[in-house]
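Written below as structure tokens is the structure these notes are about.
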Amino acid sequence: MPTELLDYLTEHFYVPLYLVTWIVAIVRYRRYFDTPLKYFPMIIIYTFFTELLGVLIKYNNNFQFFSDGRYAWHNVIIYNVYQLVFFIFFFGVYQKVLHNQSLKKQIGYLMGICGLVYLVNAIAYNPLHNQMTYAHIIGSVIMVYIVLSYFREKQLEQLPQPLKYNLMFWVSTGILVFYSLFPIISTIYLLDLNIGVQVYFRPLLLTAIALMYIIIIFGLLISKRKAFR
């Protein structure tokens, strides 16, 4: 297992970034403790432990959800649950951050649609053994729409502090970097293109994950409490 775990961490180089992001988020917590992002450290450490549990299930027989040996390594359910939790968390954050009442209502409706899509996907494809790819794609598109709406609103506002000191700006930028690519790459995988084509997209996706968390770390380091609105 140690060798397999090392190989996993080498391949998934972005995983330590989750822990680093969480540490920085805790150190800088006073800058946003009373904002809609006050539970942000929890979602970050949840991300880290989701990946850690995924490794344990895949490489250690003592950690498994299924007694059937054929499925002992299946860990997809934890990622399906994680992605839904991630979407709901940030939909709720943006619903509080945005000032436009119409957009707030839209997010409420979109949250309901996202939940319904996940339910339908779970009925159609067993989430214990299958990635809920269709739901992830829809959720990602909704996320991108909401983030772009946030940027649009900020562009039209008269801000007392430069936007570059607003933590929400950097979190949104990181989210946009990843979730702009994620539904495109997921759709390509659904099309079941030649493996020679697909192999080029995984490094791109992993790089997007790393960029997302590097951007968030940068935002945590330079953000100012007064700039958060």
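What the table below lists for this structure:
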{"quantity": "Highest-first arrangement of 31-38, 135-142, where packing means the average Cβ count within 10 Å", "calculated": "135-142, 31-38"}
{"quantity": "Gap separating the Cα centres of region 73-109 and region 16-49, nearest whole Å", "calculated": "17 Å"}
{"quantity": "J(HN,Hα) series, region 176-186, from Karplus relation 6.51 cos²θ - 1.76 cosθ + 1.60, nearest Hz, glycine and proline x", "calculated": "5, 4, 6, 7, 6, 8, 4, x, 5, 5, 5"}
{"quantity": "Cut-off under 5 Å, modelled amide H: who pairs with Gln161 long-range", "calculated": "none"}
{"quantity": "Region 130-169 - percent of accessible surface contributed by carbon and sulfur, probe 1.4 Å", "calculated": "59 percent"}
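The values are calculated or read from the model by the stated rules, or taken from the named source; none is laboratory data. Treat the numbers as computed from the prediction; the structure is a model and nothing was measured. Backbone-built Cβ (ideal geometry, glycine too); neighbour counts: all protein chains shown. These accessible areas exclude ligands, DNA and RNA; they are computed on the full protein's heavy atoms, side chains included. Shrake-Rupley method; radii C 1.70, N 1.55, O 1.52, S 1.80 Å.
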